[in-house]
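Student: Have a look at this one before I ask anything.
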2 protein chains.
Amino acid sequence: MTQSKTDPRVLRTRKLIMDSFIELSGKKEFKDITVKDITTEAKINRATFYYHFEDIYDLLDKVLSEVLLINFNSIDFEKSELNEASIIDIFVAITDFQKAISNRCHRGYDETIARIIREQLEIIFYGMLRKQHTTEEDESLRITAVILSWGVYGASVEWRRNRKESSPEEFIKSAIPFLISGIEHV
Amino acid sequence: MTQSKTDPRVLRTRKLIMDSFIELSGKKEFKDITVKDITTEAKINRATFYYHFEDIYDLLDKVLSEVLLINFNSIDFEKSELNEASIIDIFVAITDFQKAISNRCHRGYDETIARIIREQLEIIFYGMLRKQHTTEEDESLRITAVILSWGVYGASVEWRRNRKESSPEEFIKSAIPFLISGIEHV
DNA sequence: TTCCATTTGTCGTTTATGCAACACATTGAT
DNA sequence: ATCAATGTGTTGCATAAACGACAAATGGAA
């Protein structure tokens with residue numbers, strides 16, 4: 001596992017597994033998908049699956065993270081600071097992701113999806129905060145990232161509950177003043 | 001190499017190489033395609049190429065054979081005997097193949113394509129003759145297959161030369177009486 | 001021509017994948 | 001409840017593929 005990320009065999013095999021899982025997710029519920037199904041579809045050996053993933057839940061984690069990251073990748077985190085525009089971008093990316101997932105996959109993913117989204121949000125917020133507040137204490141930035149991630153994720157839950165009322169952009173805008181002032185006074 | 005044909009790794013790698021070669025054939029002439037180009041496109045190691053193919057000419061051979069076989073596979077050789085209908089099917093398959101190849105690939109393949117087609121024809125004719133004449137001497141069937149393969153291939157050359165005169169079906173039909181009677185009197 | 005860069009085959013070593021077998025859990029039908 | 005079938009996670013060994021290096025061949029440009 002030293003530099004396994006760059007070995008072409010590893011990249012190919014992981015893609016085969018993930019693509020097969022996504023393919024199967026369009027046909028069955030998660031609870032009905034077995035490791036054997038996946039490896040048969042991917043035409044790889046079952047032992048190879050366990051070389052890359054602990055179990056099927058580990059695979060689910062990584063697939064969802066990756067799909068979410070693709071949504072996030074349209075946002076250029078290098079340039080963007082943590083301001084109104086970037087928060088709106090992130091919020092829209094989350095709601096887009098949830099729409100895509102709930103269309104493609106069947107029920108039973110909800111808690112996992114929630115966790116993935118929040119974890120990824122925390123990572124992204126922490127990274128952006130650190131760029132913006134290089135002088136601050138690290139622990140303080142970490143906690144801020146946690147709170148932001150839970151808050152923004154919660155907002156997405158709330159928006160889905162009343163989704164007919166407003167667009168995601170409008171919805172999150174009403175929370176922007178609170179978030180921004182909090183960030184600035186970290 | 002004992003049962004390497006069924007090892008999933010081998011099947012995957014060969015497909016990667018062949019697909020990359022076909023892809024590159026659409027962009028460059030054969031003489032400008034290097035082994036390195038292919039392995040780079042396929043994202044496999046160059047040494048792995050030489051594990052499967054002697055050189056780039058060996059690859060060309062096998063790719064063309066395989067593409068031609070796909071054309072032939074639409075004909076059910078298990079059921080069909082060597083009669084008017086199957087000869088027409090085979091002839092049409094050849095002309096279709098040549099049309100497809102000359103559209104996709106650039107010049108310089110001609111002699112190789114000719115050899116491949118004739119060799120495949122010989123194999124197919126021999127197999128069909130052996131089913132039909134189980135009692136005959138083997139050498140006699142082999143020679144018949146050789147003559148048939150050269151004859152039918154030559155007919156395809158002739159048809160391409162005057163291709164506007166008639167459809168391939170009509171064209172080969174005029175030779176059917178000769179071929180059939182010859183086959184029956186092997 | 002000479003020089004320099006690129007490609008070609010080949011080799012030895014390391015790593016990833018295939019495969020068969022195993023004990024154990026889960027499931028489904030009778 | 002039982003039994004058979006299927007899935008899970010793991011292991012040891014066989015083999016394909018990756019990698020880096022090498023000498024030789026090829027092919028342009030000076």
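Student: Compute the helix-to-body angle for A:56-73: its Cα long axis versus the longest principal axis of chain A, expressed 0 to 90° and rounded to tens.
Tutor: 50 degrees
Student: List the distances, in nm to one decimal, from the label point of residue A:32 to the label points of the same position in every other copy, shortest first, placing each label point 7 Å from Cα along the Cα-to-Cβ direction.
Tutor: Counterpart label points of residue A:32 in the remaining copies fall at 5.2 nm.
Student: Using a Gaussian network model of chain B whose springs link C-alpha atoms within less than 10 Å, name the residue from B:72, B:91, B:53 with the highest mean-square fluctuation.
Tutor: Greatest mean-square fluctuation among the candidates belongs to B:53.
Student: What do you get for the angle between helix B:110-132 and the principal long axis of chain B? Use alpha-carbon atoms, 0 to 90 degrees, nearest ten.
Tutor: 50 degrees
Student: In addition: Give the Rg/Rh ratio for the protein assembly as shown, taking Rg as the radius of gyration of the Cα atoms and Rh as the Kirkwood radius, to two decimals. Provide the component values of the computation, followed by the final result.
Tutor: Numbers: Rg = 30.9 Å, Rh = 26.3 Å.
Reported Rg/Rh (Cα atoms, Kirkwood Rh): 1.17.
Student: So, one more: Residue B:73 label points, 7 Å along Cα→Cβ, one per copy: pairwise distances from this copy to the rest in nm, shortest first?
Tutor: With the label placed 7 Å along Cα→Cβ, residue B:73 yields 3.2 nm.
Student: Taking the label point as lying 7 angstrom from Cα along the Cα-to-Cβ axis, what are the distances from residue A:169 to the corresponding position in the remaining copies, in ascending order and in nanometres?
Tutor: Distances to the matching label points in the other copies: 5.9 nm.
Student: Find, among the residues of chain B, the one whose Cβ sits nearest the axis of the rotation taking B to A; state the distance in whole Å.
Tutor: Spelled out as residue then distance in Å, it is B:12, 4.
Student: Once the Cα atoms of helix A:8-25 and of chain A are each reduced to a long axis, what angle between those two axes, in degrees from 0 to 90 to the nearest 10, is obtained?
Tutor: Roughly 80 degrees, rounded to the nearest 10.
Student: Determine the calculated [θ] at 222 nm for chain B from helices alone, applying -39500 (n - 2.57) to every DSSP H run no shorter than 4 residues and normalising by the residue count; nearest 500 deg cm²/dmol. Walk me through the numbers on the way to the answer.
Tutor: Values: 9 runs with 134 residues, N = 186.
Value at 222 nm, helices only: -23500 deg cm²/dmol.
Student: A further question on this structure: Which is farthest toward the positive dipole end of chain A among A:40, A:73, A:116, measuring Cα position about the Cα centre, with Cβ charges +1 (Lys, Arg) and -1 (Asp, Glu)?
Tutor: Positive-most Cα among the choices belongs to A:40.
Student: Which of the residue pairs A:28/A:99; A:99/A:131; A:62/A:131; B:27/B:99 have a Cα-Cα distance greater than 24 Å in the structure shown? Mind showing how you got there, number by number?
Tutor: Values: A:28/A:99 18 Å; A:99/A:131 31 Å; A:62/A:131 26 Å; B:27/B:99 18 Å.
From A:28/A:99; A:99/A:131; A:62/A:131; B:27/B:99, over 24 Å: A:99/A:131; A:62/A:131.
Student: Distance in nm between label sites at residue A:31 and residue A:174, each 7 Å beyond Cα in the beta-carbon direction?
Tutor: 3.6 nm
Bear in mind these aren't lab numbers, they're just calculated from the coordinates by the rules spelled out. None of the values given here were measured: they were computed from a predicted structure. Please note: Cβ atoms are built from the backbone with ideal geometry, for glycine as well, and neighbour counts cover all protein chains shown.
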